[in-house]
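The values are calculated or read from the model by the stated rules, or taken from the named source; none is laboratory data. It should be emphasised that the depicted structure is a prediction, and the values quoted were computed from it without experimental measurement. Methodologically, a virtual Cβ is constructed for each residue, glycine included, from the backbone with ideal geometry; neighbour enumeration extends over all protein chains shown. What goes into the accessible areas is simple: the full protein's heavy atoms, side chains included, and nothing from ligands, DNA or RNA. Shrake-Rupley method; radii C 1.70, N 1.55, O 1.52, S 1.80 Å.
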Amino acid sequence: MSTQRASVTRLVDLPIDQARWITLKKIEWKDQEGKDRTWETAERKTRSATAGVDGVAILALLKGANIPLSTIIIEQFRPPVNAYVVELPAGLIDPKDTLESCAFRELEEETGFKAESVVEVSPLMVCDPGEHYERTSVCLND
């Protein structure tokens, strides 16, 4: 295994027709005073028609007789911020996924842990509403 840390080596403009994961949209809206305005936003191309969200984050609870109640967090390199970040395991929903099937798959892919059940699903969450329209739900796994 390499000891080299990941880092961004180049940042270039991407023609929108070459983007696999997102597209840009212009929103036309009226403010509270009736003035017409516009807003630019990014939108995922991968939104699941069945789940209505783009991805899930998994709050997995680890329970055991000899360990305190714990949860799983991961450290992962994120190129948009050129840094390693600490986050919940998460991933994008495949077109025919449910929130639950995505949560099970992503938890195992990112951590090796397997959940027994999804105990609760959060309401829709938007993490950066000023920048993009990515929709997420948090699944509480047991």
Relative contact order (%) - the chain, alpha-carbon pairs under 8 angstrom, separation at least six: 24
Exposure of L69 as accessible area (Å², to 10), given a probe of 1.4 Å and all protein chains: 120
Portion, in percent, of the accessible area of the chain that falls on carbon or sulfur, probe 1.4 Å: 54
Positive-end residue of P95, A65, L124, charge dipole of region 63-131 with Cβ unit charges: A65
Rounded accessible area per residue of region 1-134, 1.4 Å, Å²: 75
Once the Cα gyration tensor of region 1-75 is diagonalised, semi-axes √(5λ) in Å: 37, 24, 14
Debye, to nearest 20: dipole size of the chain, +1 on Lys, Arg Cβ, -1 on Asp, Glu Cβ: 260
Mean Cβ neighbour count within 10 Å, used as a protection proxy, ranking 96-109, 14-27 highest first: 96-109, 14-27
Max mean-square fluctuation residue, GNM over the chain, Cα-Cα springs under 10 Å, options V53, V12, V126: V12
Region 65-79 versus region 7-35: alpha-carbon centroid distance in Å: 32
Measure of compaction for region 83-135 (Cα Rg per 2.2 N^0.38 Å): 1.27
Cα shape, region 35-80, gyration tensor, a/c 1.5 rule: prolate
In Å², nearest 10: area of S137 left accessible to a 1.4 Å probe: 10
Region 12-51, Rg to Rh (Cα coordinates; Rh as Kirkwood inverse mean 1/r): 1.14
Estimated [θ] at 222 nm from DSSP helical runs (n ≥ 4, -39500 (n - 2.57)) normalised by residues in the chain, nearest 500: -3000 deg cm²/dmol
Span per principal axis, largest first, for the Cα atoms of the chain (Å): 61, 38, 29
